[in-house]
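The values are calculated or read from the model by the stated rules, or taken from the named source; none is laboratory data. Everything quoted here is computed from the prediction, not taken from an experiment. We place every Cβ from the backbone using ideal geometry, glycine too, and count neighbours over all the protein chains shown.
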Amino acid sequence: MSKSIDLKPKFEYDEQIAARFLANKGGAGGLPDFLGIRITDVGPGTMTGELTVRPELMTGIGNMHGGVLSAFCDHMLGCVCYPVMKKGQWGATTEFKINLTAPVTQGTVAAHAEIINLSRTQAVVRIDIVNEGRRAAIAQGTVTIRDPR
C-alpha cells in the first residue's frame, strides 16, 4: 500500500503584512495602481486580486493586451510571497511564463496566486487568471528571495 505524500508547503505567515495588502487594496504605486490592481484576499501562501477591464487596457481589436495580463501576473507573483517571507527580506521576479488561454473583453479579471514551493532563497508560484467564468491565463514563475543587507 502506498502512502500519501503531502506536498503542500508549510509557511510562517505574517497576518500584519497580509492585512496591509488588504487595507491598501493594491496601493503599490506605479504600474499596479495605473492598472487598478486590487488585492481581495490573502492567506498563507495564497493571494487573490482583481483588475477591472477598461478601454485603455485593450488592444485595437478589443481584447485586453497580453502585457496587461502579464503585468498583473508579475505583480501577484511577487506580492503573494511577502506575508510568508522573513521580516526584512525582499523578493524579485526571476522569471515567469504565461499561457494566454482565452481573450478578455469585458468585466473583471481575477487572479489567484499560490506558492507551490518555498525555500530560503526562492519561491515558485502558480497564478490562475479568470474572466467571465473562464480561465483566461495560467502563469508560473520564480521569485528570488534576498535577506536584508
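Some notes on this structure:
- Scanning segment 47-79 for residues that are out of contact with any helix residue (DSSP H, G or I) (no Cβ under 8 Å at 6 or more places or on another chain) and either more than 23 Å from residue 102 (Cβ to Cβ) or exposed (fewer than 15 other Cβ atoms within 10 Å of the Cβ) (or both) turns up 52, 54, 55, 56, 59, 60, 61, 62, 66, 67, 78.
- In segment 99-119 there is at least one residue matching the filter, namely being part of a strand (DSSP E or B), hydroxyl-bearing (Ser, Thr, Tyr), at pLDDT 95 or above and touching a strand residue (DSSP E or B) at 6+ places or on another chain (Cβ under 6 Å).
- Residue selected from segment 27-68 under the condition over 17 Å from the mean Cα position of the chain (by Cα) and assigned to a strand (DSSP E or B), by the criterion farthest from residue 129 (Cα to Cα): 58
- Evaluated against (1) in contact with a strand residue (DSSP E or B) (Cβ under 9 Å, 6 or more places away or on another chain); (2) within 27 Å of residue 148 (Cα to Cα); (3) among the hydrophobic types (A, V, I, L, M, F, W, C); (4) crowded, with 16+ Cβ neighbours inside 10 Å, residue 22 falls short on exactly one condition, (4).
- The criterion of being more than 23 Å from residue 135 (Cα to Cα), at pLDDT 95 or above and either among the hydrophobic types (A, V, I, L, M, F, W, C) or in a strand (DSSP E or B) (or both) holds for residue 94.
- Test: residue 123 is crowded, with 21+ Cβ neighbours inside 10 Å, in contact with a Gly (Cβ under 6 Å, 6 or more places away or on another chain) and either on the phi < 0 side of the Ramachandran plot or of a type in the set (A, V, I, L, M, F, W, C) (or both): no
- Number of positions in segment 120-149 that are of a type outside the set (Lys, Arg), more than 30 Å from residue 103 (Cα to Cα) and touching a strand residue (DSSP E or B) at 6+ places or on another chain (Cβ under 7 Å): 4
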